[in-house]
Amino acid sequence: MHGPPDRNHRAARRVTLVGAMASLGLAVVQATAGLLGHSQALVADAVHSLSDLATDAAVWVGLTLSAAPPDDDHPWGHGKIETVTSLLVGATLGVVAFGLGADAIGRLRDASFTTPTAWPLAAAALAVVSKEALYRWTVAVGHRVRSRALIANAWHHRSDALSSIAATIGVAGAIAGLPWMDAVAAIVVSLFIVRVAGHLTWAALRDLVERQADAETTDRVRAVLEADPGVLDAHRLRLRSVGGVVVGDVHITIDGDQTVREGHEIAHRLERRAVAAVPALADLVIHVDPAPAGVANPGDVQ
């Protein structure tokens, strides 16, 4: 995570805990209003809210474990735990989306509709506002502390807000005499949730298989290296994501007549500059190669 680790993890855990408490409270309100107000859509939305408790717990565990310092068995730290947590959140979203869509299709097929009272409409509207507020807060904290798991959980809050919008439209339509509207809206929202789940899962899988960092980050690191007058060439630049930060290694070519001490000073200087210039970069190991005799410019280096 970028910034003071202790403060970042405290902020991440705090927003996760508040989100879990809010999800539990909303689920109770939605389930009560749905059962008493005869709204199947709101009861289903309450189940969706309860699913947030499982993902909040997973994110909490991931954030806590990933904050552990490097050790002999994990010299790069424990950041991958957060990536695995993000993968679990994405998979959970996909399962929830499938359940919501299947339930809506079943209600359309069977024409199993009910006419709700006004209480479910009020509860659904409250859920929309609350979940959207949780999304905005959580995603802001996630970007600030560079936590992929937290951002993934923020999108779970957004999916809940969209599900509650569908419930609101469905209840309003049923009250107005169009009971099939909630089922159609639920199907549309479930497709959107599938898209979000796919994006989160794919991003986590790319990190787990050690995919090279994005082109913008790679180009910025390379530019810092090649801008140094002591560097003839930068090659074999490898960057990978580890729990919200980027680490990597690179080979640089310098004048072969320079001393070992001078080469070390160049490498140390470049590491400091690269980490300062690229916020996502946490560590860069630099291997120094001497240029062949007579090489005077980067184009001569193979």
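None of the figures in this text is laboratory data; all of them are computed from the coordinates on show. All of these numbers come straight from a predicted model, not from anything done at the bench. Cβ coordinates were reconstructed from backbone atoms using ideal geometry, including for glycine residues, and neighbour counts include every protein chain displayed.
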- Message: How far apart, in nanometres, would the label points at His268 and Val188 be if each is projected 7 angstrom from Cα along the Cα-to-Cβ direction?
- Response: 6.2
- Starting from the Cα of Ala68, step 7 Å along the direction of its Cβ; do the same at Arg211; then give the gap between the two resulting points in nm. 2.7
- Can you tell me the relative contact order of segment 166-236? Whole percent, Cα pairs under 8 Å, sequence separation 6 or more. 16
- To the nearest µm²/s, what D does Stokes-Einstein give for segment 108-182 at 4 °C and 1.567 mPa s, using the Kirkwood radius over alpha carbon pairs as Rh? 96
- Assertion target for Met181, Met21, ordered by fewest C-beta neighbours within 10 angstrom first, is Met21, Met181
- Out of Ile105, Val43, Ser163, whose Cα points farthest toward the positive end of the dipole of the chain (charges: +1 Lys, Arg; -1 Asp, Glu; placed on Cβ)? Val43
- Query: Antiparallel as a % of all DSSP beta bridges within segment 215-300, to the nearest 5?
  - Reply: 45
- Item | Virtual spin-label span in nm between Ile105 and Ala118, 7 Å along Cα→Cβ | 3.7
- Task: Would you work out the charge dipole size for the chain about its Cα centre, treating the Cβ of every Lys and Arg as +1 and the Cβ of every Asp and Glu as -1, and quote it to the nearest 20 debye?
- Result: 1040
- Note on the structure: When the charge dipole of the chain is computed with +1 on Lys and Arg Cβ and -1 on Asp and Glu Cβ about the Cα centre, the Cα farthest towards its positive end, among Asn8, Leu239, Val194, belongs to Val194
- Size of electric dipole in segment 161-302: Cβ of Lys, Arg +1 and of Asp, Glu -1, about Cα centre, debye, nearest 20: 640
- Cα-based Rg and Dmax for segment 167-227, where Dmax is the largest Cα-Cα distance (Å): 21.9, 69
- Message: If you restrict to DSSP beta bridges whose two residues both lie in the chain, what percentage is antiparallel, to the nearest 5?
- Response: 45
- Sorted largest first, the Cα spans of segment 5-208 on the principal axes come out in Å as 64, 27, 21
- Taking Cα pairs under 8 Å and at least six residues apart, what relative contact order does the chain come out at, in percent? 18
- Options Gly34, Val128, Val260, ranked by Cα towards positive dipole end of the chain, top entry (Cβ charges): Gly34
- Query: What residue among Asp228, Asp71, Asp103 has the largest mean-square fluctuation in a Gaussian network model of the chain, using Cα springs under 10 Å?
  - Reply: Asp71
- segment 215-300: C-alpha pair distances exceeding 17 Å, %: 43
